[in-house]
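Note sheet for the following structure.
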Amino acid sequence: MTTNATGGGQPPRQTDGADPGPTGAAGPPQEDRTATADAPRRAEPETADRPEVAKPEVAETTADKPEVAEPEVAETTADKPEVAEPEVGETTADKPEGAKSEIGKTKLDETKVDTPEAGRAGADETKVAKAAEAGAPGGDGSGPDRKDTAAEADPWTSFAPEPEPVPGRPRRAARATGRFLVHEWTLAVLASLALAVGMTWPTLRYPLYTLPQDYWDPSLQAWQMAWSGHALRTNPGQLFQSNTFFPEPWSFAFSDMLLGYAPAGLLGTGPDAAVLRYNIMFVLAHAMATFGAYVLARQLGAGRIGSAVAGVSYTYAPWLLAQAGHLHIVSNGGIPLALAMLARGHGWSLRHGYRPERRRVGWAYAGWVVAAWQLSLGFGIGLVFAYVLAVTLLVSAAVWFWRRRRGRRPFGRRLFVADLVGGLLFAAVGALLAVPYFKVAELHPNAERTLGDIGVYSPPASGFFTAPAQSWIWGGLHEGARATLSWSPEMTLLPGFVLYALAAGGLFFSVWRLRHRLLLLAGVLVTMVLAMGTRFFGGTFTYAPLFEYLPGFNGLRTPGRMMLWTTLLLGLLAAGAVTAFAQRVRELGGGRVPARPSPWLRLATLLPLLLVVVEGLNDAPHPVVPEQPVAMRTVDGPLLVLPSSQNQDQPVMLWSTSRFQQVVNGGSGFTPKQLDDVRRVTAAFPDQTSVDYLRTLGVRDVVVLRDQIVGTPWEVTVDAPVDQLGITRQQVGNAVVFRL
């Protein structure tokens with residue numbers, strides 16, 4: 001067989017792209033090179049199964065005269081992708097680019113030849129062709145030679161950057177931990193904790209020996225947490241039958257129970273552990289309140305600094321400094337946190353409205369769980385929270401059904417079920433906790449409040465501008481104003497002058513819409529009127545209807561605690577103003593190079609937060625808790641500790657946490673009639689009348705504390721002869737124990 005040129009030289013390329021065919025060969029003309037210049041690279045012209053076509057001649061010619069065939073192969077295949085050879089007699093000019101012939105479809109593995117480099121030796125081409133004919137590995141490009149040729153195809157890969165190695169599990173865990181530590185919510189939690197430690201200082205300076213504000217109500221609440229943990233650990237069925245107020249039943253429900261803190265009560269025993277537990281929960285309650293209000297403001301659309309203002313002002317408002325001795329009032333962080341979770345679950349914010357794509361059913365469930373936990377801390381502030389949620393749920397359900405009839409649903413069925421289930425859970429917790437209170441109200445009619453009792457604790461309008469004595473900045477300045485109040489601890493309701501100013505500015509300059517600002521203002525005014533109780537035109541059309549017709553309101557004695565909602569709404573107004581101010585500062589810095597505010601402008605955005613923090617500084621006392629008498633660790637119950645009074649009995653409850661023996665003593669929001677009788681009859685103890693009365697109640701021992709009876713009748717009678725009374729007397733430490 002011969003080729004186009006017999007002289008061994010390479011035939012000249014035609015300018016029109018026509019390549020002369022083989023001499024003396026009958027068959028179709030060779031394809032036009034200009035037509036195939038842009039076509040995909042093809043394999044060997046012929047297959048091994050069709051020797052009658054020109055394929056063997058090309059292979060033979062290539063083998064015999066590599067200097068002729070090589071340039072053609074390099075020229076036609078080096079820079080073109082591989083496709084199958086078109087059928088004989090059919091040129092690629094007649095076929096669309098990239099189209100495969102029938103032979104290419106059926107003989108793909110045989111026709112594909114990998115020729116990655118132009119200028120490769122003809123012997124290599126023959127080797128590949130023969131491998132394809134013999135079916136050897138590599139003939140179809142799938143053998144071991146493919147990796148080597150592919151590596152040689154692009155020499156520039158040697159200069160490419162190395163692929164980034166896949167990190168191992170420890171490194172991935174470290175990265176995830178790092179992202180978690182710098183997340184906004186993590187930083188917010190840490191900042192809330194640090195601020196709580198500093199703002200409540202020196203609560204954690206001597207946490208085993210001191211209590212904030214005083215040691216009366218804090219002693220009661222320290223006992224409550226200890227008792228709930230003890231009852232859960234030993235006999236949960238007797239949770240409401242506490243060891244105090246013997247022999248009264250349901251005595252654990254004589255005041256707010258702080259039942260949500262029961263898990264903490266499982267840790268440690270004795271008065272020291274109870275005091276430490278109280279101080280830790282006191283600080284954590286402040287941290288949770290700050291974090292909860294911050295999260296709520298962020299969910300509603302405020303910026304970080306504005307949300308921080310809302311969180312700090314809600315937690316450290318001056319009026320709350322007077323409530324430092326009431327852990328059930330300070331523990332209010334679950335309210336804004338639950339509202340934030342519910343808003344997040346429903347995809348709703350004050351700034352952006354309802355966004356269905358942001359709905360998260362899990363957050364809705366979590367919000368209801370947190371709300372139920374908040375209610376378990378007590379009805380003192382939980383009752384109003386329950387009514388707020390009930391109204392919100394009813395309005396949401398009405399909107400859902402109304403829009404559903406019009407073909408639109410504001411939120412999905414799953415979210416509606418979540419609200420239904422969560423609402424039922426919240427209602428069930430409230431109902432279960434209300435049962436013992438109804439029992440107490442039935443057994444002790446004197447526990448119910450009257451509208452006259454509410455009037456005693458109702459503050460005047462001046463109370464909204466008067467700070468308590470515990471305020472570091474305003475306490476001394478407002479001493480004269482407090483003197484005009486009949487009961488200043490519950491009537492000094494100043495939320496902060498800085499907060500007033502920021503909220504007023506938020507009415508005119510804010511990121512909230514105008515109608516939302518007006519709604520927040522309306523909420524502020526309504527809650528302030530309710531906080532005044534019967535002082536606002538006798539409460540005839542404000543607090544009195546709630547007291548008369550809403551279940552549970554007749555058990556609340558201090559309407560001033562409605563100020564909690566006033567403070568929260570003022571904080572949201574302030575957050576809107578501070579957020580708008582921060583945005584304006586960023587806009588002013590946008591024209592600078594680099595585009596960021598100057599340090600002075602950035603510092604100015606922190607000024608509102610700094611002022612709110614300074615106004616919340618406290619000067620509350622931290623008295624040392626009276627030491628537990630030795631007799632309280634050795635004497636069995638039931639016993640009576642003398643002297644007995646409302647304030648003196650609360651440390652006795654704390655002392656009983658060593659053994660939880662039954663004691664007649666107790667302090668709460670009201671005094672049972674029987675305890676009144678005991679205090680009256682035992683005023684001359686030891687005498688026959690008091691001994692007989694105590695024996696009737698089942699009391700076995702009476703402990704008289706020598707260091708507390710100075711100036712009382714017991715100072716004389718404690719050492720009087722007792723032989724004729726049929727009792728014995730024993731000195732135990734600093735106490736005298738009479739065994740009946």
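The values are calculated or read from the model by the stated rules, or taken from the named source; none is laboratory data. What you are looking at is a predicted structure, and each value in this text was computed from that prediction instead of being measured. All Cβ positions, even for glycine, are placed from backbone atoms using ideal geometry, and neighbour counts span all protein chains on display. These accessible areas exclude ligands, DNA and RNA; they are computed on the full protein's heavy atoms, side chains included. Shrake-Rupley method; radii C 1.70, N 1.55, O 1.52, S 1.80 Å.
When the test is whether a residue is more than 30 Å from L494 (Cα to Cα), buried (at least 22 other Cβ atoms within 10 Å of the Cβ) and modelled with pLDDT of 95 or more, T657 passes it. For the stretch 234-273, a residue qualifies if it is under 30 Å from L443 (Cα atoms), in a helix (DSSP H, G or I) and in contact (Cβ under 8 Å) with a residue 40 or more places away in the chain, and the qualifying residues are S251, F252, A253, F254, L259, G260, Y261, G265.
It is to be established whether one or more residues within the stretch 604-618 are of a type outside the set (K, R), assigned to a loop (DSSP other than H, G, I, E, B) and open to solvent by 50 Å² or more (accessible area, probe 1.4 Å). Give the steps one after another, and end with the answer.
Looking only at the stretch 604-618, we keep the residues that are of a type outside the set (K, R), and these are 604-618.
From what's left, assigned to a loop (DSSP other than H, G, I, E, B): 616-617.
Narrowing the set further to residues that are open to solvent by 50 Å² or more (accessible area, probe 1.4 Å) leaves 617.
Within the stretch 604-618 (the criterion being of a type outside the set (K, R), assigned to a loop (DSSP other than H, G, I, E, B) and open to solvent by 50 Å² or more (accessible area, probe 1.4 Å)), the answer is yes, since at least one residue qualifies.
Being part of a loop (DSSP other than H, G, I, E, B) and among the aromatic types (F, W, Y) is the filter here, so list the residues in the stretch 486-530 that pass it. Step through it out loud before you land on a result.
Going through the stretch 486-530, the residues part of a loop (DSSP other than H, G, I, E, B) turn out to be 486-487, 491-496, 507-513.
Result: W487, F508, F509, W512.
Could you tell me which residue of the stretch 211-233 is most open to solvent (accessible area, probe 1.4 Å), considering only residues that are assigned to a loop (DSSP other than H, G, I, E, B) and under 18 Å from L276 (Cβ atoms)? Quick ask: steps written out before the conclusion?
Pass one, the stretch 211-233, residues assigned to a loop (DSSP other than H, G, I, E, B): 211-216.
If we keep only those that are under 18 Å from L276 (Cβ atoms) as well, we get 211-215.
Working: L211: 0, P212: 2, Q213: 29, D214: 36, Y215: 68 Å².
By that ranking, first place goes to Y215.
The residue that is most open to solvent (accessible area, probe 1.4 Å), among those in the stretch 538-564 that are more than 14 Å from Y457 (Cα to Cα) and hydroxyl-bearing (S, T, Y), is Y549. Screening T689, T682 for residues that are in a helix (DSSP H, G or I), touching a helix residue (DSSP H, G or I) at 6+ places or on another chain (Cβ under 8 Å) and open to solvent by 80 Å² or more (accessible area, probe 1.4 Å) leaves exactly one candidate, T689.
When you check L204 against the structure, is it touching a residue at least 12 places away in the same chain (Cβ under 8 Å), among the aliphatic types (A, V, I, L, M) and surrounded by fewer than 20 Cβ atoms within 10 Å (Cβ to Cβ), yes or no? Here the answer is yes, as L204 does meet what is asked.
For the stretch 619-643, a residue qualifies if it is assigned to a loop (DSSP other than H, G, I, E, B) and either open to solvent by less than 20 Å² (accessible area, probe 1.4 Å) or closer than 30 Å to A287 by Cα (or both), and the qualifying residues are D619, A620, P621, H622, P623, V625, P626, E627, V635, G637, P638, P643. Taking R557 and the conditions (1) touching a residue at least 60 places away in the same chain (Cβ under 8 Å); (2) part of a helix (DSSP H, G or I), which numbered condition does it fall short on, given that it satisfies the others? Result: R557 passes all but (2).
Any chance you could count how many residues in the stretch 314-372 are among the hydroxyl-bearing types (S, T, Y), outside any loop (DSSP other than H, G, I, E, B) and in contact with a helix residue (DSSP H, G or I) (Cβ under 8 Å, 6 or more places away or on another chain)?
Residues of the stretch 314-372 that are among the hydroxyl-bearing types (S, T, Y), as a first pass: 314-316, 331, 349, 354, 365.
Keeping just the survivors that are outside any loop (DSSP other than H, G, I, E, B) gives 314-315, 349, 354, 365.
Narrowing the set further to residues that are in contact with a helix residue (DSSP H, G or I) (Cβ under 8 Å, 6 or more places away or on another chain) leaves 314-315, 349, 365.
Going through the stretch 314-372 one residue at a time, the tally reaches 4.
Residue count for the stretch 442-464 satisfying the condition of being surrounded by fewer than 18 Cβ atoms within 10 Å (Cβ to Cβ) and hydrophobic (A, V, I, L, M, F, W, C): 4.
Please verify whether the stretch 403-415 includes one or more residues that are in contact (Cβ under 8 Å) with a residue 24 or more places away in the chain, within 25 Å of L518 (Cα to Cα) and open to solvent by 30 Å² or more (accessible area, probe 1.4 Å). If you could, list the steps in order and put the result at the bottom.
First, the residues of the stretch 403-415 that are in contact (Cβ under 8 Å) with a residue 24 or more places away in the chain: 410-412, 414-415.
With the extra rule that they be within 25 Å of L518 (Cα to Cα), the set shrinks to 410.
Checking which are open to solvent by 30 Å² or more (accessible area, probe 1.4 Å) leaves us with none.
No.
Conditions tested, residue by residue: (1) closer than 30 Å to Q674 by Cα; (2) among the acidic types (D, E); (3) touching a residue at least 24 places away in the same chain (Cβ under 8 Å).
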site	(1), (2), (3)
G378	yes, no, yes
V417	no, no, no
G423	no, no, yes
V435	yes, no, no
N446	yes, no, yes
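Among the residues of the stretch 692-712, which ones are assigned to a loop (DSSP other than H, G, I, E, B), open to solvent by 80 Å² or more (accessible area, probe 1.4 Å) and out of contact with any Gly (no Cβ under 8 Å at 6 or more places or on another chain)?
V710
Only one entry of S331, S255 meets the criterion of being touching a Gly at 6+ places or on another chain (Cβ under 9 Å), open to solvent by 10 Å² or more (accessible area, probe 1.4 Å) and closer than 25 Å to E490 by Cβ, and that entry is S255. The residue that is nearest to the chain's Cα centre (by Cα), counting only those in the stretch 339-381 that are modelled with pLDDT of 95 or more and β-branched (V, I, T), is V370. With the condition kept exactly as written, say whether any residue in the stretch 426-441 is open to solvent by 60 Å² or more (accessible area, probe 1.4 Å), under 26 Å from G362 (Cα atoms) and not aromatic (F, W, Y). Checked against the condition, which is being open to solvent by 60 Å² or more (accessible area, probe 1.4 Å), under 26 Å from G362 (Cα atoms) and not aromatic (F, W, Y), the stretch 426-441 yields at least one hit.
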